[in-house]
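Inspection log for the structure reproduced underneath, given as structure tokens.
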Amino acid sequence: MTPRRRRSPEESRAELLAAAARLIRERGPDNVSLRQIAEAAGVAHGLVTHYFGTYAALVREVLRAENDRMEERIRERIQAEQGVPTAAGIMSVVSDTLADERYLRLFVWAEMHADYRGAARPELVEFMDAMEAGIRAALAGRPVPSRARMEAVALVGLSAAYGFAIGGRSWLAGMGHDPDDPAHEAEFRTQLARMMGAHMVEESGLE
């Protein structure tokens, strides 16, 4: 158990999140308790509920931090591509994140708990804003897909990528393929990016 020491509320909250992330990575979200997190952070058990309320809410905060890191990597990819967001580039970052099985378990666990459903993600709105700005700049006066179309493409891409990460191996095996062959995932990424790109420009009549 980490020795307790005096710290600010901000420090206590940050250290609790760090301890929770570490334990969840090591044991999985179903095998960690609030008391274990408090002990690992060296704070009283009551402080965990004071700052986060429930275990599910704490898991949500850990997942939020992980999602923030993924979105930051996507922003960096967009900047590297001179501000023009490509479906292949964005989905590459998402797929690489989903390759971390611990992150995937955390996401599925959080989504299955009622108090997480519909959680606000202002950072995702900001990301969509950045993507829209990049597309408008790239098209420079030519017809631009509507915001609704951009959001639909993002939802399709995220749904497909997360779905493949969760069930892809079983589905590939069921189709008679070797799920360990990386060529199948590479082909999935390629086809998904092509479909997303085609759907994005379809509304504007671009080829």
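Please treat every number below as a calculation from the coordinates, not as lab data. Please read all numbers here as calculations on a predicted model, not as lab measurements. Positions of Cβ are backbone-derived with ideal geometry, glycine not excepted, and every protein chain shown enters the neighbour counts.
Summary of computed values
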{"item": "About the Cα centre, charge dipole magnitude for region 1-53 (Lys/Arg +1, Asp/Glu -1 at Cβ), debye", "result": "160"}
{"item": "Helix axis angle, 182-202 relative to the chain longest principal axis, alpha carbon, degrees", "result": "60"}
{"item": "Listed residue (I135, A165, A80) projecting farthest to the positive dipole end of region 64-202, Cβ model", "result": "I135"}
{"item": "Cα-based helix-to-principal-axis angle, 87-98 vs the chain, degrees rounded to 10", "result": "30"}
{"item": "Folded to 0 to 90 degrees: helix 147-174 orientation relative to the chain principal axis, Cα", "result": "70"}
{"item": "Calculated on alpha-carbon atoms, Rg and Dmax of region 1-53 in Å", "result": "10.2, 30"}
{"item": "For the chain: Kirkwood Rh in Å [reciprocal of mean 1/r, alpha carbons]", "result": "19.2"}
{"item": "For region 156-207, convex hull of alpha carbons as volume per residue, Å³", "result": "76"}
{"item": "Expected 222 nm ellipticity per residue - DSSP helices of 4 or more, -39500 (n - 2.57), all of the chain, to 500", "result": "-24500 deg cm²/dmol"}
